[in-house]
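The values are calculated or read from the model by the stated rules, or taken from the named source; none is laboratory data. Computed from a prediction, not measured in an experiment: that's the story for all the values here. With ideal geometry, Cβ positions are generated from the backbone for all residues, glycine too; neighbour counts draw on all protein chains shown.
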Amino acid sequence: MADLTKEERAALDRIPLLEDPEKLRALIANARRMKSTVVSRAAFARLCEVQPEATPGTVEFDVWQSIHALEEMLREERGKTVRLSRTRQKIARDGEAKTVADLTLRPEASAGFNDLVERGHAQLTFEAVVLTHPKTFDTDIQAAARARLEGAGFNTAPLEKRESQDG
């Protein structure tokens, strides 16, 4: 942190206080223009935190954080709003936990998993949600999640130690 500019330190101090997604998007754009990766990543992480309407620490929150994060990344890349329509429809039908379990147990990784891993956000995948909430998911689902993440070169230990608020 010592090599940060005064502006970067001020932005990092302000980020936790921001709740408005548009202000956070503007901050991300400014940080990228100024080539400040640390501010851009911090503002993106905060954007992912403020968008879900569920209670932080729950499966539902983590699922929606994942969805919003990927939609945001795709929106930035494509220059237009992108919605994960099929995933949203499945959640509406089956709920967050069943959707996560079904996608995790598929033999092939979902496009969302691959997109998040390729962009350096494996901790936001549905597989990460599984390992963060072991009381919600059976051991076979946890094993599949762990295998997929480790196969992608991601260390799962920090996820499995994180506190969650489920059952």
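Hey, does segment 107-119 have a residue that's farther than 25 Å from S40 by Cα, of a type outside the set (F, W, Y) and surrounded by fewer than 14 Cβ atoms within 10 Å (Cβ to Cβ)? Within segment 107-119, one or more residues are farther than 25 Å from S40 by Cα, of a type outside the set (F, W, Y) and surrounded by fewer than 14 Cβ atoms within 10 Å (Cβ to Cβ).
Which residue out of E150, E163 is of a type in the set (D, E), modelled with pLDDT of 95 or more and either at negative phi or touching a Cys at 6+ places or on another chain (Cβ under 7 Å) (or both)? Talk me through it step by step, then tell me what you get.
Details: E163 fails: modelled with pLDDT of 95 or more.
None of the others qualify; the one that does is E150.
Looking across segment 44-60, the residues that are at pLDDT below 95 and of a type outside the set (S, T, N, Q) come down to F44, A45, R46, L47, C48, E49, V50, P52, E53, A54, P56, G57.
Residues checked against (1) out of contact with any Phe, Trp or Tyr (no Cβ under 9 Å at 6 or more places or on another chain); (2) crowded, with 20+ Cβ neighbours inside 10 Å:
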residue	(1), (2)
L18	yes, no
A26	yes, no
R33	yes, no
Q51	no, no
L70	yes, yes
E77	yes, no
E96	no, yes
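The helices (runs of 4 or more DSSP H) falling completely within segment 80-146 that include 3 or more residues that are modelled with pLDDT of 95 or more, in the same structural domain as S66 (by TED's automatic domain parsing) and under 26 Å from K161 (Cα atoms) map to 96-105, 111-118, 126-132.
The residues in segment 1-52 that are of a type outside the set (A, V, I, L, M) and part of a loop (DSSP other than H, G, I, E, B) can be counted, and the count is 8.
Against the conditions (1) hydrophobic (A, V, I, L, M, F, W, C); (2) surrounded by 19 or more Cβ atoms within 10 Å (Cβ to Cβ); (3) in the same structural domain as D13 (by TED's automatic domain parsing), V38 satisfies every one except (2).
For K35, the criteria (1) on the phi < 0 side of the Ramachandran plot; (2) without any contact (Cβ under 8 Å) to a residue 24 or more places away in the chain hold in every case but one, which is (1).
In segment 53-79, the qualifying residues are those that are polar (S, T, N, Q) and part of a helix (DSSP H, G or I), and the one that is nearest to L24 (Cα to Cα) is Q65. What is the residue count in segment 7-16 for residues that are buried (at least 16 other Cβ atoms within 10 Å of the Cβ) and not aliphatic (A, V, I, L, M)? Total meeting the criteria: 1.
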